[in-house]
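Novice: Dumping the structure here so I can ask a few things about it.
Nothing in this text is a laboratory measurement; each read-out follows from the coordinates by a stated rule. Quantities reported herein were computed from a predicted structural model and do not represent experimental measurements. With ideal geometry, Cβ positions are generated from the backbone for all residues, glycine too; neighbour counts draw on all protein chains shown.
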Ligand code: MRU
């Protein structure tokens, strides 16, 4: 996607082997890149959420392995790098998937070939994500087209999304946003309700920034507005992303997603989830019981950052001194509330059979 006319991906290798990222902790008020030079830099970027979003976490981990093998390409160092990166964030399974891909690509090679092989495989994973997200957009586009056809001429299709499952969460396109960008680019009028997504405000800070830069009409809403909008016929479709999808179609996504799915079901609004197949954890079946839910620092709830009238970005405290806070970063939406899973191979019913039909080679027992 373009930022002020310049095409960007979210992560790319520099000629000297270091890795460049867009520092998402500074958005929307400052657009800056940061350079990762070591395994520790990559681990910190994921933990501190300079990069975030399931697919981008995976690609950053892949480049983290590259940075590690530059220093020591032996098996022990590779295993250590795997463990360090795998411990950064627990919920998005793309992290483990990308690390497994990297280890498989390097394990049986002589140490002297590992650096080149690592950068090659990391670049492939990034390219694959770009292509996968574009295909998610192609498969999701007819959903928006169908709503457009039945609405009165000139009325936009209203899509509600939660968190940032946009291009900043991936390499390009995004997952939930890919159908939206494809529809907008095809001339279909789309308007996006952007949940602010407390506590870290990925919707207000990142999704709104992205959509604005691409010229997609959108409105930022507090997280608790969606139900009201749905009751008044102001939402045609919900599309979110996911950090881990079980083999049976349960989805873990940013905290608050479940409540939107409940409101959508109560109001007959179709609730779709867009995902690249590396987000599917084929080893688990019960999302509520089995998906690890990250708990992050209470400071993310107790404090908030924003721009003052003078243009300075400052952080202020919201809660009384000493009030305890809880910060559960994700929740699980059971498959029964999900209308369909938009993948790179098409839209699957959110069920074991639905996913297995699209990915027969990956599903258990095949
Ligand atoms: O905590 P974050 O910002 O990494 O959470 C991101 C999300 O919940 C996204 O919706 C998810 O990773 C899907 S990204 C295409």
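Novice: Taking the Cα centroid of the stretch 327-366 and of the stretch 161-199, what is the distance between the two, rounded to the nearest whole Å?
Specialist: That distance is 20 Å.
Novice: Hey, how many Å between the Cα centroid of the stretch 1-33 and the Cα centroid of the stretch 38-86?
Specialist: Answer, in whole Å: 18.
Novice: Using just the Cα positions, wrap the stretch 149-233 in a convex hull and report its mean projected area in square nanometres, one decimal place.
Specialist: Over all viewing directions, the stretch 149-233 projects a mean Cα-hull area of 5.6 nm².
Novice: Let me ask something additional. On the first, second and third principal axes, largest extent first, how far apart are the outermost C-alpha atoms of the stretch 297-366 in Å?
Specialist: That works out to 56, 30, 21 Å along the principal axes.
Novice: Using 1/(1 + (r/R0)^6) with R0 = 41 angstrom and r between the beta carbons of residue 32 and residue 80, what's the FRET efficiency to the nearest 0.05?
Specialist: Efficiency, rounded to the nearest 0.05: 0.85.
Novice: Using a/c under 1.5 as the rounded threshold, could you call the stretch 54-134 rounded, prolate or oblate? The axes a ≥ b ≥ c are square roots of the C-alpha gyration tensor eigenvalues, and prolate needs a/b larger than b/c, oblate otherwise.
Specialist: oblate
Novice: Could I ask something else about it? Pairs of alpha-carbon atoms within less than 8 angstrom and 6+ residues apart define the contacts here; what relative contact order does the chain have, in percent?
Specialist: 15
Novice: Okay, moving on. Considering all projection directions equally, how large on average is the shadow of the alpha-carbon convex hull of the chain, in square nanometres?
Specialist: That works out to 19.4 nm².
Novice: How are the alpha carbon pair distances in the stretch 100-212 distributed across 10 Å bins from zero to the largest one, expressed in percent?
Specialist: 14, 34, 25, 16, 9, 2, 0
Novice: Can you show me the helix-derived [θ] at 222 nm for the chain, built from DSSP H runs with n ≥ 4 at -39,500 (n - 2.57) apiece and divided by the number of residues, rounded to the nearest 500.
Specialist: Taking each H run of at least 4 residues, the total per residue is -11500 deg cm²/dmol.
Novice: For residue 286, put the label point 7 Å out on the Cα→Cβ axis and report which residues of the stretch 238-272 keep their amide N under 20 Å from it.
Specialist: Under cut-off, by backbone N: 244-253, 258.
Novice: Out of the DSSP beta bridges found with both residues in the chain, what percent are antiparallel (nearest 5)?
Specialist: Counting only bridges with both partners in the chain, antiparallel ones make up about 55 percent.
Novice: Let me know the Rg and Dmax you get for the stretch 2-127 when you use only its Cα atoms, in Å.
Specialist: Here Rg and the maximum Cα pair distance are 13.9, 46 Å.
Novice: Could you work out the Rg to Rh ratio of the stretch 254-311, with Rh taken as the Kirkwood radius (inverse of the mean 1/r over all Cα pairs)?
Specialist: Here the Rg-to-Rh quotient is 1.11.
Novice: I've got another one for you. So what's the stretch 207-366 giving for Cα Rg divided by 2.2 N^0.38 Å, two decimals?
Specialist: Normalised Cα radius of gyration, the stretch 207-366: 1.21.
Novice: Can you pull the one-decimal nm distance between simple spin-label points at residue 4 and residue 321, each 7 Å off the Cα toward Cβ?
Specialist: About 4.1 nm separates the two model spin labels.
Novice: Work out how much length residue 146 to residue 40 would gain on full extension: take 0.36 nm times their residue separation and subtract the Cα-Cα distance, in nm to one decimal.
Specialist: That works out to 33.5 nm of additional length.
Novice: Can you tell me the Rg and Dmax of the stretch 4-67, counting just the alpha carbons, in angstroms?
Specialist: So, for the stretch 4-67, Rg and Dmax equal 11.1, 33 Å respectively.
Novice: Please give the contour-minus-distance gain from residue 48 to residue 123: 0.36 nm per residue of separation, less the Cα-Cα distance, rounded to one decimal in nm.
Specialist: 24.7 nm
Novice: Residue 304 to residue 266: extension gain in nm, 0.36 nm per residue of separation minus the Cα-Cα distance?
Specialist: Length difference between fully extended and current span is 10.5 nm.
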